[in-house]
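Beneath this line is the structure, given in C-alpha cells, with notes to follow.
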Amino acid sequence: MSVFRGTGVALVTPFNEDHTIDFKGLENLVNYCIDGGVDYLVVMGTTAENPVLNEEEKQEVLKHVQKVNAGRKPIVYGVGGNNTANIVNYVKHGNLEGVDAILSVSPYYNKPTQEGIYQHFKAICDASPVPVILYNVPGRTSSNMEAGTTLRIAKDCQQAIAVKEASGNMEQVMKIINERPVGFLVLSGDDNLTLPMIACGGDGVISVSGQGFPSVFSTMVNDALAGNIAAARIGHYKLFEITKMLFAEGNPGGIKAVLKHKKVCGDAMRLPLWKISDALDAALVKEIKSQNI
C-alpha cells in the first residue's frame, strides 16, 4: 500500500464561532495541504474532534473533503472505538464509498488484554471492505498495543496494511519494523519522532503539525525516505519547538491557532476543548516568525 507512504495529515474540523462546521474553512484546509505537497488526507482522526461530532456531521465532513479533494489524494477515514460490534457493523453497512482505507484506534477506556486487542482488530479486518490502518496511542487509550500484538495482526489479517505508532517507545517501533511482514507500513504518530522512525526503516507519518506547515513537513519526510538525512534534519529542527508547543495545551488547540494565523480557518473548538492561552499563542507566533515559516 505504497500510497500511504510519506505524509498523511490528520485534518482538523474547522468550526465557526457558533460551533457549526465551517465548510469554507475545511475547503481552504484541504487545498492548503494538497498544495503543500502532502500525500494523503485523514478525516475524522483524533485531531478532528470526532467525539463531539454526530454521525451525520462526520459524513458531511467526509463528503465535503471528498468533493474538494476531487480524487487528487487518497482519503483515510477514522472508524474506531471501544465497542467492537458497533465498528464491525459500521464497516459492513456504513458508507465507505470513496474511502481508500480506515484508521482504527486501539480500544480505549475498557483497557482490554493483548488478546482482546488482537481479537478486536481481527474482527474489524475480517469485516472491512477497505484496508485497515491500526492506531496505537497509549496516551489516549490507557492501553498499549504491544509490538507482538501488532505483528500478529499484521501477519494474520490481510486487510491490516499499516500501523500508526504513537507509543513514543522507539524500541517497540523498531521491533515492529524489524519483524513486520513484507508490505506492512509503520507510520509515525508522533511528529517529532518521524525523522528517527524513518531513519530506522519507517514509512512516513500521519501528522498533526504537517497541516500547519505542509511544505516544510512533507519535504522533510520525502528527504528522509530518500535517505537524505542531512536535508531532512533541517526541516525537522525548523518544526521541532513548534511541534512541542502545538501539544502543550492539548490537541487540536495548538494546530488550530496556527491555521488561524495562516488564515486557513478559525480556531474555534467544541467543548470540552478550549482555545489555547494567549501566552502560548504568542510563543507560537514568535517561533514561527523566527523560523521564517
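Miscellaneous remarks
- In this structure, the amide hydrogen of S207, modeled 1.01 Å from its nitrogen in the peptide plane, lies closer than 5 angstrom to those of G8, V9, A10, counting only residues at least 5 positions away or on a different chain.
- Ranked from largest, the principal axis spans of the Cα set of the chain equal 48, 45, 35 Å.
- Cross-link partners of K111 among lysines (Cα-Cα below 18 Å; sequence separation of 8 or more within a chain): K122
- Cα-based reach from K73 at 27 Å (exclusive), listing lysines while leaving out same-chain residues under 8 positions away: K24, K58, K63, K92, K164, K238, K256, K260, K262, K263
- Between Q114, N16, S209, the Cα set farthest toward the positive side of the dipole of the range 2-232 (charges on each charged residue's Cβ, about the Cα centre) is that of Q114.
- Computed helical MRE - 222 nm, the chain, DSSP H runs ≥ 4 contributing -39500 (n - 2.57), nearest 500: -14000 deg cm²/dmol
- Lys/Arg +1, Asp/Glu -1 at C-beta; the range 141-293 dipole; positive extreme among Q159, N192, G254: G254
- Cysteines without a disulfide-compatible neighbour (Cβ-Cβ under 4.7 Å), the chain: C33, C200, C265
- Using θ = phi - 60° in the Karplus curve 6.51 cos²θ - 1.76 cosθ + 1.60, the 3J(HN,Hα) couplings for the range 145-160 round to 7, 5, 4, x, 5, 4, 5, 5, 4, 4, 7, 8, 10, 4, 6, 7 Hz; x is entered for Gly and Pro.
- The range 272-281 - phi-based ³J(HN,Hα) in whole Hz, Karplus 6.51/-1.76/1.60, Gly and Pro as x: x, 7, 9, 4, 5, 5, 4, 5, 5, 4
- About the Cα centre, charge dipole magnitude for the range 148-201 (Lys/Arg +1, Asp/Glu -1 at Cβ), debye: 200
- Rounded to the nearest 20, the Cβ-based charge dipole of the chain about its Cα centre (Lys and Arg +1, Asp and Glu -1) stands at 320 debye.
- Built amide H within the under 5 Å cut-off of F213, gap 5+: none
- Comparing mean-square fluctuations of V130, V221, V30 from a GNM of the chain with C-alpha springs under 10 Å, the top value falls on V130.
- Reported to the nearest whole Å, the Cα centre-to-centre distance from the range 252-268 to the range 68-130 is 28.
- Cut-off under 5 Å, modelled amide H: who pairs with L103 long-range: Y77, G78, V79, I133
Where a number appears in this text, it was derived from the coordinates with a stated rule and is not lab data. Remember, it's a predicted structure, so these values are computed and weren't measured experimentally. When we count neighbours, we look across all protein chains shown, and the Cβ atoms used for this are built from the backbone with ideal geometry, even at glycine.
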